[in-house]
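Asker: Here it is: the structure, laid out below.
The values are calculated or read from the model by the stated rules, or taken from the named source; none is laboratory data. Not measured: the values here are computed from a predicted model. Counting neighbours? That spans all protein chains shown, and the Cβs are built from the backbone with ideal geometry, glycine included. Ligands, DNA and RNA are excluded from the accessible area calculation, which covers all protein heavy atoms including side chains. Shrake-Rupley method; radii C 1.70, N 1.55, O 1.52, S 1.80 Å.
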Amino acid sequence: MKRYTIAVRALCEFTAKTGDLDLRFTPSPTAQEGMAGHATVTARRGSHYQRELALAGDFGPLHVRGRADGYDSAAQRLEEIKTYRGDLTRMPDNQRQLHWAQAKVYGHLLCASQALTQITLALVYFDVGSQKETMLQQEYSAAELKNYFEQQCERFLQWAAQEMAHRSARDAQLEQLAFPYAGFRPGQRELAAAMYTASKRGVCLLAQAPTGIGKSVGSLFPMLKAAAQQQTDKVFFLAAKTPGRQLALDAVQVIRASAALLPLRTLELVARDNACVHPELACHGESCPLARGFYDRLPAARQAALDVCLPAQQQRILDRQTLQDIALAHQVCPYYLGSELARWCDVIVGDYNYYFDQSAMLHGLTVMNDWKVSVLVDEAHNMVSRARKMYSADMSHSSLRVLRKIAPEALKKPLDRVQRQWNQLVKEQQADYQAYAELPEKWLGALQTAASAISDYQNEHPTYNEPLLQEFYFNALQFTRLAESFGPHALFDIEKRAGRSSAHSDSTLCIRNIVPAPYLAPRFQLSHCSALFSATLSPWNYFHDLLGMPDSTAWVDVESPFVAEQLSVKVAAHISTRYQQRQQSLLPIAHLMGQQYATQRGNYLAFFSSFDYMEKAAQTLAEHYPDIPQWSQTRRMDEAARADFLARYTPDSCGIGFAVLGGAFGEGVDLPGARLIGAFVATLGLPQVNPVNEQIRERMDSLFGAGYDYTYTYPGMQKVVQAAGRVIRTQTDRGTVYLIDDRFGRPELRALLPAWWHVE
Ligand code: SF4
């Protein structure tokens, strides 16, 4: 057996976790709070205290390594520091046992390295709220600890042997992996080569690659191929939306179908709300049967899940349904089984947030296990807006008022304090909207106190379950966490909304991230290679700057497989869609549509900047061209209604579908051939000029010297190109796009259109 390296924590989680899954002792502190807590505790220790002690030891082929939190050589005491929030007595026993297991393994490694015969082990629990420590201590002989260490290793050895066999079989197959199709599609080879080179060089990549070249296979194949040579542990394939996950799973299926012996373990991560089979229950053994004895049944479920991936067996992908079937067969929770399997799978498909948000699971596992990972980010033009949301928080006064009324007596005082500070802020603000350079410290202090009071109350009343209070609590935590890292990358603003009376007026307080770079840059640095790809990643510096991509990031603009003759692009320069001229634009737009439809009957999409504009345009067309069939997007369309809208687009149907740019039909819609032959884009897609966007513009100007473009032009034009991109999906498609606005004639905007378009 070759050497198998495992982190102390991962070893103990595998061997020493038993009993129920129990999430009642949550929310746990964030990674930042954890680090700050550790720093506080170790700063309190004396000069003979060694911090972050690197320790390692071997047992047969197993190499166990990690960093013990601290060692007091004078007291001969090894400390394992754990940060927590809430009531320590409510910590589940099995969690405490796990902490002792880690301390004992570190204890053995230290005794062995320093030839100690005796040691004191201490669990130091640090309350991030009160900043108080609770220390539990126990004496051990070196012989006892050695014995314990060997027992844990013995338990893991069989699994390690299986993992190593899997890894070498996987890498051997990946090394010989051939492209799954007879040939590359045009553009696909260029994309694949850029991905492969980026992985080989260990750099990030921004890849603009048009639709229709087979991006999913074109990105996953080279990353897998490189994995064997680069010794990459995992590939994370991250998507913005559910259909994107399916495309990734389909790509895995294609690759595996062409490599019958490839043992590629692939997992789909699904949000807890969607994976849970008992949404009416809580995640602990007293409530949910799938949490009861979870860790006792986990080993069999884990093995069963990995077995179905084997080529000799079913060669299945662990998608949502397969995972649920296995979980239920073993009576364990499918969601938490999925989280466990992320440790053992090769390709993990999930939403962006699994790697990029504040407490992202895949990021946490990568750090803990020191994995070498490649990260693929599909439809990456969504990353800026998605990441901004991950690192923003807001709170409305009206919800605080409602909560204040229904809150238990014990919480009224701290909530009142928040409300008083809030009223003061609103009173001092003259304008309806204002952004501030500083955070309101007094209000934040009151919010922090209220959050601690809620946490205490919930600990004392574990059956109390008021969703509004929960929501407020989680919001308050998010606010206080983001406040710690507040800086030029974010705005703090207050928006006031007048009502019929003061009782009906409202206000919102918001920490609004506008440049996610400081949060995302460490994630890119941690990965071996992160490749972001989309049909619209221009200009690349916009994404590079806002997302915090390393300076070594490579950039590729893959040539389109489509040719200018396929798409007739016309600018309707005689029409202005500016707000003031919208009314006058309606009739010319209707005539334009009517004439195009008369010239070429078929299916069209028409995009507008708002529902209001869209509805008026649809009405005008109906009045003047009543024979043209039409259908419209509606506000808050559910999935079924969206499917109905798209079902109107058949190879034999004709008509115009009205939609809002940047909405459900502006991207991710695939209507090849006669299902869609043209689009009218009656807007530049510019975000509304409002006080928030103006603040963003100012900040973008000071940070990047390109305020207007970074706030308005680039996000708008990306939506335009995405929407127009619905028309040509294959090399046999033909179509027409009308860009309706005189400003589309400007050279700086033309420069943002795909190079293969020929604007007539
Ligand atoms: S099934 Fe649902 S309630 Fe039960 S443990 Fe899983 S997520 Fe929690």
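Asker: As a test question: what accessible area, to the nearest 10 Å², does Met35 have when a 1.4 Å probe is rolled over all protein chains in place?
Answerer: My reading of the accessible area for Met35 is about 130 Å².
Asker: With θ set to phi - 60°, apply the Karplus curve 6.51 cos²θ - 1.76 cosθ + 1.60 along region 308-316 and write out the HN-Hα couplings as whole Hz, x wherever there is a Gly or Pro.
Answerer: So the J values, rounded to whole Hz, are 5, 7, 5, x, 5, 9, 8, 6, 8.
Asker: For Gln321 and Ala75, calculate 0.36 nm times their separation in residues minus their Cα-Cα distance, and state this gained length in nm to one decimal.
Answerer: Extra length available between Gln321 and Ala75 comes to 83.2 nm.
Asker: Output the pairs from Lys17/Lys389; Lys2/Lys82; Lys82/Lys389; Lys132/Lys372; Lys82/Lys104 with a Cα-Cα distance over 25 Å in this structure; if there are none, say none.
Answerer: With Cα atoms farther than 25 Å apart: Lys17/Lys389; Lys2/Lys82; Lys82/Lys389; Lys132/Lys372.
Asker: Find how many whole Å separate the alpha carbon centroid of region 117-148 from the alpha carbon centroid of region 632-703.
Answerer: Here the two parts' Cα centres lie 58 Å apart.
Asker: In what order, largest first, do Ser527, Ser552, Ser702 sit by accessible area if the probe radius is 1.4 Å?
Answerer: Greatest to least solvent exposure: Ser702, Ser552, Ser527.
Asker: Which value, to two decimals, describes the C-alpha radius of gyration of region 332-479 once divided by 2.2 N^0.38 Å?
Answerer: 1.35
Asker: Which aspartates and glutamates, if any, have their Cα less than 20 Å from the Cα of Lys225, not counting same-chain residues under 8 positions apart?
Answerer: Glu163, Asp171, Glu175, Glu190, Asp233, Asp250, Asp346, Asp378
Asker: Could I ask something else about it? Rolling a 1.4 Å sphere over the protein heavy atoms, what is the accessible area per residue of region 269-326, to the nearest Å²?
Answerer: 48 Å²
Asker: So, one more: Which ³J(HN,Hα) values in Hz, rounded to whole numbers, follow from the phi angles of region 524-540 under the Karplus curve 6.51 cos²θ - 1.76 cosθ + 1.60, where θ = phi - 60° and Gly and Pro get x?
Answerer: Here the 3J(HN,Hα) series is 5, 5, 5, 6, 5, 7, 10, 10, 9, 9, 5, 6, 10, 10, 9, x, 5 Hz.
Asker: Another question, if that's okay. GluC sites (Glu not before Pro), restricted to region 426-468: which are DSSP loop and have at most 13 other Cβ atoms within 10 Å?
Answerer: Within region 426-468, the qualifying GluC sites (Glu not before Pro) (loop, at most 13 other Cβ atoms within 10 Å) are Glu438.
Asker: Let me check something: with ligands and nucleic acids excluded, how do Tyr457, Tyr355 order by accessible area (1.4 Å probe), largest to smallest?
Answerer: Of Tyr457, Tyr355, the descending order of accessible area is Tyr457, Tyr355.
Asker: How many percent of the accessible area of region 355-480 is carbon or sulfur, using a 1.4 Å probe?
Answerer: Ligands and nucleic acids excluded, carbon and sulfur reach 49 percent.
Asker: Right, another one. Using a 1.4 angstrom probe, figure out how much accessible area region 524-645 has per residue, in square angstrom, rounded to the nearest whole.
Answerer: 47 Å²
Asker: Looking at the chain, send over the antiparallel percent of its DSSP beta bridges, to the nearest 5.
Answerer: 40 percent
Asker: Probe of 1.4 angstrom, ligands and nucleic acids ignored: what's the accessible area per residue over region 332-462, in square angstrom?
Answerer: 41 Å²
Asker: Here is a further query. To the nearest 20 debye, what is the magnitude of the charge dipole of the chain about its Cα centre, counting +1 on the Cβ of each Lys and Arg and -1 on the Cβ of each Asp and Glu?
Answerer: Computed charge dipole of the chain: roughly 260 debye.
Asker: Work out from phi, with θ = phi - 60° and the Karplus expression 6.51 cos²θ - 1.76 cosθ + 1.60, the ³J(HN,Hα) of each residue of region 609-617, listed in order in whole Hz, and give x for Gly and Pro.
Answerer: Computed from phi, the couplings for region 609-617 are 7, 8, 5, 4, 5, 4, 5, 5, 5 Hz.
Asker: Further question on the same structure: Assuming a ≥ b ≥ c are the square roots of the Cα gyration tensor eigenvalues, decide whether the chain counts as rounded (a/c under 1.5), prolate (otherwise, with a/b larger than b/c) or oblate.
Answerer: The shape class here is oblate.
Asker: Here is a further query. Would you mind working out the magnitude of the charge dipole of region 152-278 relative to its Cα centre, with +1 at each Lys and Arg C-beta and -1 at each Asp and Glu C-beta, to the nearest 20 Debye?
Answerer: Taking the Cα centre of region 152-278 as origin, the dipole is about 240 debye.
Asker: For Thr211, Thr89, Thr232, what's the largest-to-smallest order of accessible area, 1.4 Å probe?
Answerer: Thr89, Thr211, Thr232
Asker: Sort out for me the Cα centre separation of region 336-351 from region 479-544, rounded to whole Å.
Answerer: Each part's Cα centre sits 28 Å from the other's.
Asker: When 1/r is averaged over all different Cα pairs and the result inverted, which Kirkwood radius in Å belongs to region 575-631?
Answerer: Hydrodynamic radius (Kirkwood, Cα pairs) of region 575-631 is 11.6 Å.
Asker: Now for a different question. Which of Gln321, Gly678, Ala617 sits closest to the plus end of the dipole of the chain, meaning its Cα is farthest towards the positive end, when Lys and Arg get +1 and Asp and Glu get -1 on the C-beta?
Answerer: It is Gly678.
Asker: Grab the DSSP H runs of the chain that are 4 residues or longer, score each as -39,500 (n - 2.57), total them, divide by all residues and round the 222 nm result to the nearest 500 deg cm²/dmol.
Answerer: That calculation yields -14000 deg cm²/dmol at 222 nm.
Asker: A further question on this structure: Just tell me which lysines come within less than 27 Å, Cα to Cα, of Lys427; anything on the same chain fewer than 8 places away is out.
Answerer: Lys405, Lys412, Lys413, Lys442, Lys496
Asker: For region 182-262, give the percent of accessible area contributed by carbon and sulfur heavy atoms, probe 1.4 Å, rounded to a whole number.
Answerer: It is 56 percent, rounded to a whole number.
Asker: Using a Förster radius of 56 Å, what is the FRET efficiency between Asp638 and Arg67 based on their Cβ-Cβ separation? Nearest 0.05, please.
Answerer: So the FRET efficiency works out to roughly 0.70.
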